[in-house]
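Enquirer: Please find one structure pasted underneath; my questions will follow.
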Amino acid sequence: MRCPFCRHNDSRVVDSREADEGQAIRRRRSCSSCGKRFTTVEEPVLAVVKRSGVTEPFSREKVVRGVARACQGRPVDPDALAQLAHRVEETIRAAGTAEVPSQEVGMAILGPLRELDEVAYLRFASVYRNFSCVADFEAEIADLRAAARDGDVGGRVDTAGETPVGAADARDVPAARAGD
């Protein structure tokens, strides 16, 4: 490892520790020429292969930006988006491959997003899965309702048992009160 101070090519490792929940290794080094110490962080590179064949490094920030667009106008906490991106990265890294198709990244996003916010999930899924007609939305909404009834999703079902709470409907709009 080259010393950032004197540019000498030789340094020795003084200390090594895990960082970022075991996803990286932090090494404290000492330059054998100038004696100064510096820190390096090593982490495995996770690459995403896009449909066009272009490869780019995985980015949690890019996941957060994409999901944030789907969550626009929804009561979703930015910390929840960061946690979702972390879960997605963990899921992808657990596969144990250095390169992952963008299709798998999208699939890894759908599950946690469905648990986080069903409306945002529908928005993201409609773009990701390329919904082409109203029937595609209706089928996905029927799946959400069935999952909510069966308790598969963290969502709650209203007293009528038909609409998952948080779904876009008239209940999301405050009712007008007398005198308003």
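Enquirer: Go through (1) at pLDDT below 85; (2) surrounded by fewer than 14 Cβ atoms within 10 Å (Cβ to Cβ) one by one and return the number of the condition Ala146 breaks.
Expert: So Ala146 meets the others, but not (1).
Enquirer: I would also like to ask the following. Restricting to region 41-75, and then to whatever is among the aliphatic types (A, V, I, L, M) and modelled with pLDDT under 90, can you tell me which residue is nearest to the chain's Cα centre (by Cα)?
Expert: Selected residue: Leu46.
Enquirer: Across region 91-112, what is the total count of residues that are open to solvent by less than 70 Å² (accessible area, probe 1.4 Å) and assigned to a helix (DSSP H, G or I)?
Expert: Residues that pass the stated criteria total 10.
Enquirer: Then there's this: Please go through region 1-27 and pick out each residue that is open to solvent by 70 Å² or more (accessible area, probe 1.4 Å) and either aliphatic (A, V, I, L, M) or closer than 30 Å to Glu90 by Cβ (or both).
Expert: Those that are open to solvent by 70 Å² or more (accessible area, probe 1.4 Å) and either aliphatic (A, V, I, L, M) or closer than 30 Å to Glu90 by Cβ (or both): Met1, Arg17, Glu18, Asp20, Glu21, Arg26.
Enquirer: Considering region 33-68 alone, what residues qualify as being under 24 Å from Val127 (Cβ atoms), surrounded by fewer than 16 Cβ atoms within 10 Å (Cβ to Cβ) and in contact (Cβ under 8 Å) with a residue 40 or more places away in the chain?
Expert: Ala47, Lys50, Arg51, Thr55
Enquirer: Still on this structure: Of everything in region 12-39 that's assigned to a strand (DSSP E or B) and within 28 Å of the chain's Cα centre (by Cα), which residue is nearest to Arg2 (Cα to Cα)?
Expert: Arg27
The values are calculated or read from the model by the stated rules, or taken from the named source; none is laboratory data. The structure displayed is predicted, hence computed values, not measured ones. Heads up, the Cβs are rebuilt from the backbone with ideal geometry, glycines too, and the neighbour counts pull from every protein chain shown. Calculation scope for accessible area: heavy atoms of the full protein, side chains included, ligands and nucleic acids excluded. Shrake-Rupley method; radii C 1.70, N 1.55, O 1.52, S 1.80 Å.
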